[in-house]
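Following: one structure in structure tokens, then a few remarks.
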Amino acid sequence: MKKYLILTGAGISAESGIKTFRDSGGLWENHDVQQVASPQGFQEDPKLVWQFYKDRFNQSLAAEPNTAHYALKKLEDHLQDHFHLITQNVDGLHSRAGNERVIEMHGSLSNAFCSSCRASYRLADLDLSCDIPSCEKCGNSLRPDIVWFGEIPYSLYEIEQLLKECDVFMVIGTSGSVYPAAGFVMTAKLFGAHTVAVNLDRPDNLGFIDELHQGKCTQMLPALVDKILSK
Ligand code: OAD
Ligand code: ZN
């Protein structure tokens with residue numbers, strides 16, 4: 001059985017009603033990206049940054065996984081250990097669709113951690129009515145567990161191993177413009193994988209893609225997964 005590695009981005013959640021990044025003209029839900037997605041922005045105005053992520057957390061809870069998320073669940077059910085999913089999304093929709101082998105490389109809206117002692121928390125357990133939630137252990141400010149610009153994504157070592165081992169690497173709903181994730185397709189291809197993209201627009205890293213399925217995730221992915229399962 002072939003080993004499949006999947007990388008998803010904002011495009012797969014677009015049809016669940018969650019806005020993508022590039023499509024909003026440098027603004028993200030009407031905010032300057034640097035202001036709400038960088039350590040400097042958090043230092044300058046932690047209240048505003050927390051409000052932004054509380055709103056996005058609630059938005060993600062109100063959203064539902066779509067047929068593209070469920071197609072990936074179906075693929076994992078079939079492939080089991082031969083399936084791994086890396087996501088740049090922080091909305092938790094892959095896990096809610098039932099996928100288990102998920103790496104959230106840019107963090108999660110559901111989590112926070114203490115900027116001082118690193119203790120971790122679930123947002124669902126915090127009192128979100130206060131402006132800036134604080135750590136029960138040391139009293140310092142908590143921050144959202146999101147990988148911001150200038151920070152290193154999670155699980156890069158594990159990801160590199162998976163990229164080297166996979167037979168098929170699929171990139172779904174991602175513009176291929178934010179590194180290091182945008183470079184994964186090159187690594188996978190250099191190590192011999194067949195590379196497939198499912199995306200509305202032509203991704204920026206198209207040169208490393210063997211097979212492009214251009215269109216909406218919900219229209220393309222269920223059929224593509226059925227084709228894989230029928231092999
Ligand atoms: P982008 O907003 O850069 O790209 C979304 C891609 O999805 C675009 O290429 C669209 O053409 C495509 N798309 C939109 N709707 C689609 C649909 N219904 N079906 C298929 N494709 C669709 O989002 P990402 O590539 O995920 O990082 O952005 C990568 C990272 O940039 C994010 O994780 C975030 C941001 O900075 C952090 O927050 C650290
Ligand atoms: Zn602490």
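Would you confirm whether any residue within region 107-125 is among the hydrophobic types (A, V, I, L, M, F, W, C) and open to solvent by 40 Å² or more (accessible area, probe 1.4 Å)? Lay out the reasoning, then the answer.
Restricting attention to region 107-125, the residues satisfying the condition of being among the hydrophobic types (A, V, I, L, M, F, W, C) are 109, 112-114, 117, 119, 123-124.
From what is left, the residues that are open to solvent by 40 Å² or more (accessible area, probe 1.4 Å) are 117, 124.
Within region 107-125 (the criterion being among the hydrophobic types (A, V, I, L, M, F, W, C) and open to solvent by 40 Å² or more (accessible area, probe 1.4 Å)), the answer is yes, since at least one residue qualifies.
Sort out which residues of region 149-188 are of a type in the set (Phe, Trp, Tyr) and open to solvent by 10 Å² or more (accessible area, probe 1.4 Å), and write them in order of number. Before the answer, list the steps.
We begin by selecting, within region 149-188, every residue of a type in the set (Phe, Trp, Tyr); these are 149, 154, 157, 169, 179, 184.
Selection gives 149, 154, 157, 179, 184.
Yes/no per residue for (1) closer than 18 Å to residue 85 by Cα; (2) out of contact with any strand residue (DSSP E or B) (no Cβ under 6 Å at 6 or more places or on another chain):
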| residue | (1), (2) |
| --- | --- |
| 130 | no, yes |
| 140 | no, no |
| 148 | no, yes |
| 153 | yes, yes |
| 158 | yes, yes |
| 161 | yes, yes |
| 167 | yes, yes |
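Name the single residue that is farthest from residue 66 (Cα to Cα) among those in region 167-181 being at pLDDT 95 or above and touching a Gly at 6+ places or on another chain (Cβ under 9 Å). Selected residue: 167.
Scanning region 30-49 for residues that are assigned to a helix (DSSP H, G or I) and either touching a strand residue (DSSP E or B) at 6+ places or on another chain (Cβ under 7 Å) or at pLDDT below 95 (or both) returns 33, 34, 35, 36, 42, 46. Checked against the criterion of being open to solvent by less than 20 Å² (accessible area, probe 1.4 Å), at pLDDT 95 or above and either within 16 Å of ligand 2 (Cβ to nearest atom) or aliphatic (A, V, I, L, M) (or both), region 17-29 contains not a single residue that satisfies it.
Consider region 39-63 and keep the residues that are under 13 Å from residue 128 (Cβ atoms) and in contact with a Leu (Cβ under 7 Å, 6 or more places away or on another chain). The one that is surrounded by the fewest Cβ atoms within 10 Å (Cβ to Cβ) is 54. Exactly one condition in (1) within 11 Å of ligand 1 (Cβ to nearest atom); (2) open to solvent by 20 Å² or more (accessible area, probe 1.4 Å) is false for residue 36; which is it? Exception for residue 36: condition (2).
Kindly indicate whether any position in region 203-224 is away from ligand 2 (no atom under 16 Å from the Cβ), among the hydroxyl-bearing types (Ser, Thr, Tyr) and surrounded by fewer than 17 Cβ atoms within 10 Å (Cβ to Cβ). Within region 203-224, not a single residue is away from ligand 2 (no atom under 16 Å from the Cβ), among the hydroxyl-bearing types (Ser, Thr, Tyr) and surrounded by fewer than 17 Cβ atoms within 10 Å (Cβ to Cβ).
Count of region 189-201 residues, restricted to those that are out of contact with any Phe, Trp or Tyr (no Cβ under 7 Å at 6 or more places or on another chain), more than 8 Å from ligand 1 (Cβ to nearest atom), open to solvent by 40 Å² or more (accessible area, probe 1.4 Å) and not aromatic (Phe, Trp, Tyr), is 3. Pairs meeting the criteria (first residue in region 105-122 and near ligand 2 (Cβ under 7 Å from one of its atoms), second residue of a type in the set (D, E, K, R) and not in a strand (DSSP E or B), beta carbons under 6 Å, at least 6 apart or on different chains) are 117/137; 119/137.
The values are calculated or read from the model by the stated rules, or taken from the named source; none is laboratory data. Small disclaimer: the values here were computed from a predicted structure and weren't measured. In this analysis, Cβ positions are derived from the backbone assuming ideal geometry, glycine residues included, and neighbour counts consider all displayed protein chains. Heavy atoms of the whole protein, side chains included, go into the accessibility calculation; ligands, DNA and RNA do not. Shrake-Rupley method; radii C 1.70, N 1.55, O 1.52, S 1.80 Å.
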